[in-house]
1. Kindly identify the stretch 321-371 as rounded, prolate or oblate by the Cα gyration tensor criterion: order the square roots of the eigenvalues as a ≥ b ≥ c, call it rounded if a/c is under 1.5, otherwise compare a/b with b/c, prolate if a/b is larger, else oblate.
2. For residue 73 and residue 428 in one chain, what is 0.36 nm times their gap in residues minus the Cα-Cα distance, to one decimal in nm?
3. Please report how far the C-alpha centroid of the stretch 320-388 lies from that of the stretch 248-266, rounded to the nearest whole angstrom.
4. Using amide H atoms built in the peptide plane, which far-off residues or other-chain residues are under 5 Å from residue 374 H to H?
5. Amide H of residue 425 versus every other amide H placed in the peptide plane: which residues, excluding those fewer than 5 positions away on the same chain, fall under 5 Å?
6. How would 241, 73 line up from fewest to most surrounding beta-carbon atoms within 10 angstrom?
7. Please state, rounded to one decimal and in Å, the Kirkwood hydrodynamic radius that the stretch 171-272 gives when every pair of distinct Cα atoms enters the mean of 1/r.
8. Run the quick spin-label model on residue 185 and residue 389: label points 7 Å from Cα toward the beta carbon, then report their separation in nm to one decimal.
Amino acid sequence: VTGLARTLATYARTRWLQRRLISRADIEMRQRLLFERFADRVLSRSPWYMPFAGKPLAAYPVIGKAIALDAFDRMNTRGLHRDTLMRQAQKAEASRDFSGLASEFSVGLSSGTSGERGLFVASARERATYAGILLAKALPRSLFHAERVALLFRANNPLYEAAGGSARLSFGFYDLSKPFGHLLTELDAYRPTILIGPPQALLWVAQSQSAGRIRIAPRKIIAGGEVLEADVAHAIGSTFDRAIDQIYQATEGFLGLTCAHNTLHLNEDYLIVEREWIDRKTGRFMPIVTDLMRETQPTVRYRLDDILIERASPCPCGSPLLAINRIEGRADDALLLAVPDGRKLVPVMPDFVRDALGMLALGEYRVVQHDPKDIEVSLTGAATPAAPHVAAALIAVFAHAGAAVPTIRFRETAPADLTRKFRRVERRFPAPAGFEWSAS
Ligand SMILES: [Zn+2]
C-alpha cells in the first residue's frame, strides 16, 4: 500500500467514523477494541511492554518524557537507538535540512526549557495514517475539491511531512527560519486555500496582508503548536474575515481540532485520554494519552505537560469526543512563587497572568520568571508607560494565589523570533522534584 493510498483510506474511514460514533458508549467500545488490537499487534513487539501482555490499560505505568527517553531503545518496536536518532535530529535541525530524515523514519525533538528534550519517531506508514486523520478532520470540504495547504513550520515534526500530493491536493512547506520577506513572496504566489502555522507566524502573515504586502484568501486558517490567545485569534481572524481553527498538535502526536463552535475535541476516535486532575471544580487536568495508531514508538499512558480545561457542558455540535474549552499552556510554564513565610511554592497558571495583562492592551509582551522571587516583564517601547499598571495587576494575581510579592523588573522587548516557540508566560527554572500541582 502506498503512502497516498493509505492516507486516502484513513481519510475515508475517519469520515465514516464521524457519522458512526455518536455516543460515549460508541467511543468507548471502539477504544476497547482498538486497544486489544494495539496490545496484540504492537505492544507485543516492544521488549519494554511485553511483561504487560494481556493486562488492561490501567495496569500499564503512567510515563513522562524522562522514562520515554530513558527506555527508548527497549520501548520501540523496530530496534531503533536513541543516541543515533538524537544525533541525526539535532544535525538536521542545525542545518535546517530535514530531507535525510524523511525516509522510512522521521524524527522530532520536543522543545523544552527545563530538562531534556523529548524524542519522537514515526514511520512512513504512520505519517500517512496521520495525514489521513488530519485531512478528514481539518478540510472544510471534501477531498474532491482542489486544496493548496500551506504549512508554516518552525522545526521538523515527524508527522507533518507526509501525504505527498496530487492534482487535487498539494502541500507547501514554509520554514520560518528563512527570511520572512522571501517566505511572504512564496506564500503569495502559492495562494493557499488552507493556512496552517503557529499563532505568531499567522499574526505576521495577517499583518503583512493588512499592510498590502501580500494578497491571499485562505478559506481555512488553523493555528497550532502554541497557545492561541483571544487577541491574536481576533487580529488574524478580522484580517481574513473568518474564524481561526485550532489544532492541538504536539511532537507527541495529533491530539485534537476545534469544531465549528470553537470547542477543541480530542481525537478519542484514535486515542484514549485519561485525566490527571489538577482542579476538578474548574475542569483543569493534564492529559494522559494512549495513542492507538502509533506503531514504531508506542505511546501508552504518556502524560503530557499541558494543562487543559474541560468544557462543563456538552458542545452544541453534538460530537461525543472529549470537549476542551481551552489549552491553558504547559504546566512547565506555570509560575512558581514563594508563600510569605517562604516554606513552599504555589503555582500561578499562565492564563491567569495573560487574562490580567490582556486588559491592559500591551500588544506584545512577555513575563519570564527566573527564580521564585524574580519576575522579568518585557514590554514594547509604546507600552512602557503602562509598567506601573502591569506591576499592580501582577501583584493582585500573585496575592490571590497566596504568594509573597516577588521582585518585578521591566525591560524593553526584542522582536519575536519566529523559529522559537513563543510563550508569553514562561518559567525558566524546574519545579522541585515531586512538586504536587494538585495541592494548589
Ligand atoms: Zn463541538
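Taken together, the values in this text are just the output of simple stated rules run on the coordinates, not laboratory data. Here the structure is a predicted model, which means the values were calculated and not measured. Quick reminder, even Gly has a Cβ in these numbers, built from the backbone with ideal geometry, and neighbours come from all protein chains shown.
1. Working: a/c = 2.37, a/b = 1.28, b/c = 1.85.
Because a/c hits 1.5 or more and a/b fails to exceed b/c, the stretch 321-371 counts as oblate.
2. Working: separation 355, 0.36 × 355 = 127.80 nm, distance 2.97 nm.
Contour length minus Cα-Cα distance gives 124.8 nm.
3. 24
4. Long-range HN contacts for residue 374: 407.
5. Long-range HN contacts for residue 425: 367.
6. Values: 241 7, 73 15.
Starting with the residue having the fewest Cβ neighbours, the order is 241, 73.
7. Details: mean 1/r = 0.0701 Å⁻¹.
Over the stretch 171-272, the inverse of the mean reciprocal pair distance is 14.3 Å.
8. Modelled inter-label distance: 4.1 nm.
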